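Contents: one structure, followed by commentary.
The values are calculated or read from the model by the stated rules, or taken from the named source; none is laboratory data. As the structure is a computational prediction, the values presented were derived from the model and not from experiment. Neighbour counts are summed over all protein chains in view; Cβ atoms, including those assigned to glycine, are modelled from backbone coordinates with ideal geometry. With ligands, DNA and RNA removed, areas are computed over all heavy atoms of the protein, side chains included. Shrake-Rupley method; radii C 1.70, N 1.55, O 1.52, S 1.80 Å.
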Amino acid sequence: MNWILRTAALAGVASMALLCGPPAHADDASYIAALDANGVFRSGPPNARLSAGHRFCNQLRSGATVDQVVDAYARRPSFGGPSMVDDLTVNLRPVIDIAQHELCPDTLT
């Protein structure tokens, strides 16, 4: 009878661990949706916006701090009106924050 109680308790603990585990990993669609919802980095095609987010995550995973990612961002002048580069230059920190929460929560400290 004792083994039945232990087995039931272990099964209960295991099921609670599954139910209360970490939240599902965010994906590319949630990153784009969060950018749009926050009104940042709206220029450029979705694949370029995703590429930038993943690049920021890779830099953070390589040990760079957010400040180092910001400082390393190549700022180039654009011609002919607003561009993706202009949008990122103005909104870089919020974009990195959204990337961390939506694409690479493992980089949050």
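Within the range 82-108, restricting attention to residues that are among the β-branched types (Val, Ile, Thr) and open to solvent by 30 Å² or more (accessible area, probe 1.4 Å), which residue is modelled with the highest pLDDT? Break it down into steps so the answer makes sense when it comes.
Within the range 82-108, the first condition is being among the β-branched types (Val, Ile, Thr), and the residues that meet it are 85, 89-90, 95-96, 98, 107.
Keeping just the survivors that are open to solvent by 30 Å² or more (accessible area, probe 1.4 Å) gives 89-90.
Working: Thr89: 70, Val90: 74.
Only one residue tops the list, namely Val90.
Mind listing just one residue for me: the one in the range 39-60 that is in a helix (DSSP H, G or I), in contact with a helix residue (DSSP H, G or I) (Cβ under 6 Å, 6 or more places away or on another chain) and open to solvent by 30 Å² or more (accessible area, probe 1.4 Å) and, of those, farthest from Leu92 (Cα to Cα)?
Pro46
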